[in-house]
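Below: one structure, written as structure tokens.
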Amino acid sequence: MTELFIEGDPIRDEKAPEGPIEERWDKRRFSAKLVNPANRRKLSVIIVGTGLAGASAAATLGEAGYQVTSFCYQDSPRRAHSIAAQGGINAAKNYRNDGDSIYRLFYDTVKGGDFRSRESNVYRLSQVSVEIIDQCVAQGVPFAREYGGLLDNRSFGGVQVSRTFYARGQTGQQLLIGAYQALERQVAAGTVQMHTRHEMLELIVVDGKARGIVARDMVTGEIQTHFADAVVLATGGYGNVFYLSTNAMGCNVTASWRAHRKGALFANPCYTQIHPTCIPVSGDYQSKLTLMSESLRNDGRIWVPKKGDDKRDPREIPEEDRDYYLERLYPAFGNLVPRDIASRAAKNVCDEGRGVGPGGLGVYLDFADAIKRMGRPAVEAKYGNLFDMYQRITGENPYEVPMRIYPAVHYTMGGLWVDYDLQSSIPGLFVTGEANFSDHGANRLGASALMQGLADGYFVLPNTINDYLADGPFEKLDEDTPEAKEAAEAVRARIDTLLSIKGDRTVDSFHKELGQIMWDYCGMERNEEGLRKAIDRIRELRDEFWRNVKVLGENDELNQALEKAGRVADFFELAELMCIDALHRRESCGGHFRAESQTEDGEALRHDDEFAYVAAWEFTETGEQPVLHKEPLEYEYVEMKQRSYK
Amino acid sequence: MNITLRVWRQKGRDDKGRMVTYKVEDVSPDMSFLEMLDVLNEKLTLEDEDPVAFDHDCREGICGACGVVIDGVAHGPETTTTCQLHMRSFSDGDVITVEPWRAKAFPVVKDLVVDRSAFDRIIQAGGYISAPTGTAPDAHAMPVPKTDADRAFDAATCIGCGACVAACPNASGMLFTAAKVTHLGMLPQGQPEREARVVNMLNQHDEEDFGGCTNIGECAAVCPKGIPLDTISQLNRDLLGSLASGKAE
Ligand SMILES: Cc1cc2nc3c(=O)[nH]c(=O)nc-3n(C[C@H](O)[C@H](O)[C@H](O)COP(=O)(O)OP(=O)(O)OC[C@H]3O[C@@H](n4cnc5c(N)ncnc54)[C@H](O)[C@@H]3O)c2cc1C
Ligand code: SF4
Ligand code: FES
């Protein structure tokens with residue numbers, strides 16, 4: 001396998017403080033250099049991305065007095081993909097008095113991540129979670145409340161306490177609107193300059209430091225250079241490498257990948273989360289998959305017919321002919337087992353030929369019992385908008401007929417490698433939110449991405465970036481700086497190439513084929529043979545792309561095909577690295593399931609002696625061997641155990 | 001099914017624009033409207049014709065990016081977003097007209113894409129609660145009656161799509177503005193800035209060339225999030241209160 005990569009020196013997180021875990025964040029904040037308020041306005045920060053992680057950081061750094069320039073590819077910062085999160089956000093408030101605590105949230109997250117995340121980071125995330133809820137309520141986020149006027153909570157995927165705060169099925173929307181409004185307030189105050197419909201296409205590195213970006217104005221096609229003392233990427237996840245996913249159509253890896261090519265290490269790219277409750281594919285025109293919030297698993301029961309090819313209307317299948325397989329296999333957690341387990345179990349029953357719906361790729365999620373127990377109005381109040389959404393998409397009424405669901409790609413735990421300060425391996429380049437790799441290990445628990453995005457943006461980055469900025473302002477740069485010129489030229493050349501190939505396949509046709517390869521070989525279950533095949537096929541397809549893609553129109557106009565082409569080009573390179581990472585990790589952990597590494601009853605089997613590390617990859621050249629740097633993981637607080645949800 | 005589309009094509013902001021007719025064959029009733037446009041664009045590309053530009057992102061009805069006027073109705077026949085409209089709402093042989101939002105405040109960028117940045121500027125004028133990071137009291141320090149919280153939530157579900165403006169004969173942005181005024185005005189945290197907020201947001205609204213509101217109600221009829229018309233009454237009450245107190249800036 002070593003022909004696919006080279007092993008380099010191990011790396012360490014130099015910023016992680018030592019000592020008792022509860023004191024580490026305080027310690028780091030105390031040791032970080034501060035910037036005097038009067039000096040802040042002389043320091044500038046570029047923030048790419050306006051999702052929870054980006055908007056919160058831009059607002060907070062703007063409030064602190066830094067000069068912030070913010071970018072997003074949509075027409076408004078409010079449309080970042082965080083808007084689509086449905087279920088909720090975790091926080092260790094223990095408002096329920098049900099035994100929750102910062103330590104328990106920490107413990108659950110480390111265990112849920114299958115012992116592939118850093119204890120220090122996760123502990124900090126749990127500590128900060130408490131402040132996030134306070135902050136959001138103060139901004140006017142209308143969380144669900146009880147009749148007494150206090151906040152309501154629910155329990156969410158894989159945990160036994162109620163610590164999830166929610167705003168009906170639109171939690172991400174409400175949190176993002178809160179952050180967006182705080183951001184717009186700073187735009188009005190003049191501390192944040194906002195560039196919408198701008199896509200970052202290159203990072204500018206000068207003297208080893210991240211000093212700016214090259215962006216394309218998506219309306220005029222103008223290639224611009226922007227400079228700052230530090231650059232923050234909050235550009236979200238790369239699930240769209242699979243073409244079909246629950247991500248928004250524009251979600252991409254370009255910003256991260258461009259930074260990776262400039263020297264930022266990419267960590268654990270193969271860790272992807274496949275969400276168990278999505279609406280199944282209905283045809284080959286399908287452009288995206290829609291998630292049904294996993295909160296549905298609190299009251300819905302998942303089942304398939306006991307026998308394959310049972311063609312009866314589900315309502316007519318009697319209890320004794322149904323297999324509530326999650327309740328049967330995992331009696332303690334039942335329908336609430338973590339996502340990776342629920343997803344693989346669904347795949348298994350479908351592989352056995354017991355799947356339902358078109359192509360046999362679906363399982364039932366049934367609310368008949370819940371409606372009997374709680375009454376229809378209560379079910380409606382809790383899940384009404386999700387049921388409506390389901391009905392709109394499928395044309396079926398889930399109050400009457402059980403929903404059909406199937407797993408879909410949802411979240412990427414991997415991302416750019418960052419230290420405890422959220423700084424990447426390029427000084428001055430910080431990465432927040434789903435774009436970094438830091439807190440979820442090999443599997444993310446439900447309602448923890450929103451928590452992480454806001455933790456990073458409101459509370460972590462604003463307390464760490466100052467340590468770096470305190471040495472600024474750095475030398476003034478402009479578009480004639482050689483590194484900037486070179487970066488802008490490279491962007492122009494790539495665009496020219498894409499427009500001049502004039503082949504005969506559309507960008508989407510390439511993207512779909514790439515996605516299928518990834519789903520088949522680097523999806524829910526992976527094995528050596530398949531991954532090797534995938535790498536070969538990705539390389540062939542990438543070559544064909546650069547010979548045969550067809551992108552019409554010009555650069556100097558709104559050109560959506562051109563935008564997509566650039567993103568798909570980067571997905572090809574990422575896809576190869578994902579497969580190499582998946583291949584080298586000859587163990588199963590969290591969302592990464594290697595068929596060769598399972599227990600007797602088919603559960604993921606980790607190999608801690610060999611693989612308890614973060615795999616941080618260094619870019620060399622397209623199609624050439626990347627270099628693997630291992631960051632060893634140590635567990636001082638949570639004892640490493642094989643996960644068991646039995 | 002087979003569909004005939006009449007689509008607005010406009011190269012850029014200053015181009016005149018025109019309707020162009022296309023045929024789309026083998027449309028499945030389970031396709032979303034945007035997936036049908038994807039199919040059209042694949043076909044146009046292979047025929048060396050510029051694909052139709054339209055805004056979209058989440059395709060789940062929540063980001064507010066999508067939105068076109070279909071047969072004269074903003075977001076089409078089903079009170080939902082364009083991305084959540086499915087072809088089962090149409091019939092074989094239909095001729096469907098597709099146009100961009102038309103409003104002075106929303107200039108066309110290309111084809112079906114318009115510039116809605118005026119909405120962001122209305123928010124900048126006061127659509128927020130000033131709560132700098134780190135200053136918040138415990139979330140339970142101030143209980144909020146459930147009915148108020150629910151009403152705030154209902155108003156806060158506005159996705160900023162702009163259909164209300166496209167539907168309004170005056171191209172008014174009042175429902176959007178009122179939704180925000182209501183969301184923040186229903187919450188105790190929103191009270192200190194309440195009087196200034198409504199005046200500042202309305203001033204910005206007028207500066208952006210949105211028309212005035214004459215209570216026609218077309219906005220609420222097309223709003224995919226069901227923002228009720230009575231938010232506009234609340235806005236008007238807040239405005240009167242604000243003017244009476246003389247506290248607005
Ligand atoms: C359907 C769905 C439901 C979910 N539900 C939940 C939930 O209930 N609870 C939970 O905790 N998590 C949930 N998640 C996960 C969570 O929503 C995301 O992980 C999180 O919101 C990511 O936030 P972010 O700020 O990192 O990135 P995003 O919100 O994706 O924002 C990315 C930003 O980067 C910008 N950008 C990207 N590339 C470029 C570029 N090249 N140039 C310029 N700008 C760029 C975009 O414009 C955007 O502003 C859900 C995810 C999905 C898909
Ligand atoms: S009020 Fe309704 S129609 Fe208007 S922008 Fe908001 S969601 Fe869209
Ligand atoms: S694409 Fe997001 S609302 Fe339609």
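Given the options B:Ala125, B:Ala163, B:Ala167, B:Ala171, name the one that is surrounded by fewer than 24 Cβ atoms within 10 Å (Cβ to Cβ), more than 9 Å from chain A (Cβ to nearest Cβ) and touching a residue at least 60 places away in the same chain (Cβ under 8 Å).
Exactly one residue qualifies, and that residue is B:Ala171.
Between A:Gln86, A:Gln67, A:Gln127, which is closer than 22 Å to A:Pro142 by Cβ and either of a type in the set (S, T, N, Q) or more than 14 Å from every other protein chain (Cβ to nearest Cβ) (or both)?
A:Gln86
Only one of these is part of a strand (DSSP E or B) and more than 21 Å from the chain's Cα centre (by Cα): A:Val130, A:Val205, A:Val161. Name it.
A:Val205 is the lone residue from the list that is part of a strand (DSSP E or B) and more than 21 Å from the chain's Cα centre (by Cα).
Check off (1) surrounded by fewer than 24 Cβ atoms within 10 Å (Cβ to Cβ); (2) within 13 Å of chain B (Cβ to nearest Cβ); (3) out of contact with any Lys or Arg (no Cβ under 6 Å at 6 or more places or on another chain); (4) over 16 Å from B:Asp138 (Cα atoms) for A:Gly208 and give me the number that stays unchecked.
Checking A:Gly208 against (1) surrounded by fewer than 24 Cβ atoms within 10 Å (Cβ to Cβ); (2) within 13 Å of chain B (Cβ to nearest Cβ); (3) out of contact with any Lys or Arg (no Cβ under 6 Å at 6 or more places or on another chain); (4) over 16 Å from B:Asp138 (Cα atoms), the one that fails is (2).
Given B:Pro77, B:Pro100, which one is closer than 25 Å to A:Lys288 by Cα, more than 7 Å from chain A (Cβ to nearest Cβ), more than 15 Å from the chain's Cα centre (by Cα) and not hydroxyl-bearing (Ser, Thr, Tyr)?
None of the other options fit; the residue is B:Pro77.
Exactly one of (1) within 12 Å of chain A (Cβ to nearest Cβ); (2) at pLDDT 95 or above; (3) farther than 24 Å from A:His195 by Cα is unmet by B:Asp92. Its number?
(1)
From the list A:Asp478, A:Asp520, A:Asp508, exactly one residue is within 23 Å of B:Glu42 (Cα to Cα) and surrounded by fewer than 23 Cβ atoms within 10 Å (Cβ to Cβ). Which is it?
One residue alone meets the criteria, A:Asp508.
Could you go through region A:22-34 and let me know if any residue there is away from ligand 2 (no atom under 16 Å from the Cβ), polar (S, T, N, Q) and more than 14 Å from chain B (Cβ to nearest Cβ).
Yes, there is a match, as at least one residue in region A:22-34 is away from ligand 2 (no atom under 16 Å from the Cβ), polar (S, T, N, Q) and more than 14 Å from chain B (Cβ to nearest Cβ).
Only residues that are under 19 Å from A:Arg216 (Cα atoms) and among the small types (Gly, Ala, Ser): list them for region A:472-510, please.
A:Ala484, A:Ala487, A:Ala488, A:Ala490, A:Ala493, A:Ser500
Provide a single number: the residues in region A:413-422 that are farther than 19 Å from A:Lys630 by Cβ and away from ligand 1 (no atom under 13 Å from the Cβ).
Within region A:413-422, residues that are farther than 19 Å from A:Lys630 by Cβ and away from ligand 1 (no atom under 13 Å from the Cβ) number 1.
Looking only at region B:31-46, decide whether some residue is assigned to a loop (DSSP other than H, G, I, E, B) and more than 7 Å from chain A (Cβ to nearest Cβ).
No, that holds for no residue.
Which of the residues that make up region B:180-237 are within 16 Å of ligand 3 (Cβ to nearest atom) and surrounded by 20 or more Cβ atoms within 10 Å (Cβ to Cβ)?
B:Val222, B:Cys223, B:Pro224, B:Lys225, B:Ile227 - these are the residues of region B:180-237 that are within 16 Å of ligand 3 (Cβ to nearest atom) and surrounded by 20 or more Cβ atoms within 10 Å (Cβ to Cβ).
Provide a single number: the residues in region A:440-475 that are more than 18 Å from the chain's Cα centre (by Cα) and either more than 14 Å from chain B (Cβ to nearest Cβ) or polar (S, T, N, Q) (or both).
Result for region A:440-475: 12.
State yes or no: is B:Val144 closer than 30 Å to A:Leu150 by Cβ and outside any helix (DSSP H, G or I)?
For B:Val144, the condition - closer than 30 Å to A:Leu150 by Cβ and outside any helix (DSSP H, G or I) - is met.
For A:Phe437, indicate whether it is within 15 Å of ligand 1 (Cβ to nearest atom), within 14 Å of chain B (Cβ to nearest Cβ) and aromatic (Phe, Trp, Tyr).
no
The values are calculated or read from the model by the stated rules, or taken from the named source; none is laboratory data. These numbers were taken from a predicted model, which means no experiment stands behind them. Note that each Cβ is placed from the backbone with ideal geometry, even for glycine, and that neighbours are counted across all protein chains shown.
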